[in-house]
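Report on the structure given below.
Since every read-out is calculated from the coordinates, none of them should be taken as a lab result. Everything numeric in this text was worked out from a predicted model, so none of it was measured. All Cβ positions, glycine included, derive from the backbone under ideal geometry; neighbour counts span all protein chains shown.
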Ligand code: MN
Ligand code: MN
């Protein structure tokens, strides 16, 4: 698959779509945190249609507050930016620092992996049949920005960051696919190219088939991605996709975060409703906006472009 950008591919447009991916992730997390673990009928009874960043939820969050999905993505981004490149131990250190800071939420598989890093300096958790949760896929977006222009590098780093906490073929495959969709979206690849990535995954692992959808929006990564695929491919705007997904409840913040990263990359910054962007925690909004720009500048696509420009001089 060529990674050459198509369509609107000026560097400004790429940076804006990269920014939309990270802000989309945070918006999806902040929206979905309200309805995480709820049933669709309870959401309907309580909110009608939930479409406002209003906080609350089982974590009783202030409006605009994000959870582990965004925070662990921030950790991945911070580690890359601090080192000016990829350093898995630096990512593990950021996770450790985050865990010691008493985060508002942390999944049990993530907690175990980070604890094992702290105690044993372990950078790859052993294979485990219970590691097919969505905790590694939810934080993979920054890798897609940093690996822009190189899908092989992207696949390797997506799995490396995953194995810090999750070691399962379905988690690995999910991380690569989500990163690939974000990557293609940022490059301006048409929707069919994003769909091809999802279909390729479903071809290899039938657990991810998404033509029919039974509504299981759980934290099992195949359920999460089927929900994301179904809602992303059956809606036509960022807003419609996100509203649909967070009103399903279940693991709503994580499904919202992944859908937000993919849909943000595809639809771009202008497509994210302003009311959601302004409601987002300003510190998170600022950090992610700056990180997006810096990650893209470190990517092979941009470094390659600079090399090319250097040669002509
Ligand atoms: Mn969360
Ligand atoms: Mn969640």
Using label points projected 7 Å from each Cα along Cα→Cβ, tell me how many nm separate residue 45 and residue 122, to one decimal. 4.3
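Quick check on the stretch 1-139: take the gyration tensor over C-alpha atoms, sort the square-rooted eigenvalues as a ≥ b ≥ c, and tell me if it's rounded (a/c under 1.5), prolate or oblate. Don't jump to the answer; show the numbers that get you there.
Details: a/c = 1.90, a/b = 1.11, b/c = 1.72.
Since a/c reaches 1.5 but b/c is at least a/b, the shape of the stretch 1-139 is classed as oblate.
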Sticking with the crude label model, points 7 Å out along Cα→Cβ, report the distance from residue 212 to residue 286 in nm, one decimal please. 5.1
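Starting with the highest mean, order 137-143, 257-263, 298-304 by the number of other Cβ atoms within 10 Å, averaged over the residues of each peptide.
Details: 137-143: 32.0, 257-263: 34.4, 298-304: 18.0.
Result, highest mean Cβ count within 10 Å first: 257-263, 137-143, 298-304.
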If the elastic network links every pair of Cα atoms under 10 Å, which of 66, 178, 106 fluctuates the most in the Gaussian network model of the chain? 106
Please report the spacing between the Cα centers of the stretch 238-313 and the stretch 146-183 in Å, no decimals. 17
Per-residue counts of other Cβ atoms within 10 Å, averaged by peptide: what ranking do you get for 185-194, 42-51, highest first? 185-194, 42-51
Classify the chain from the C-alpha gyration tensor, please: rounded if a/c falls under 1.5, else prolate or oblate depending on whether a/b exceeds b/c. rounded
Fluctuation leader among 71, 240, 129 - the chain, Gaussian network, Cα springs under 10 angstrom: 129
Looks like the stretch 117-205, by Cα gyration tensor root eigenvalues a ≥ b ≥ c and the a/c under 1.5 rounded cutoff (else prolate when a/b is bigger than b/c, oblate otherwise), is oblate
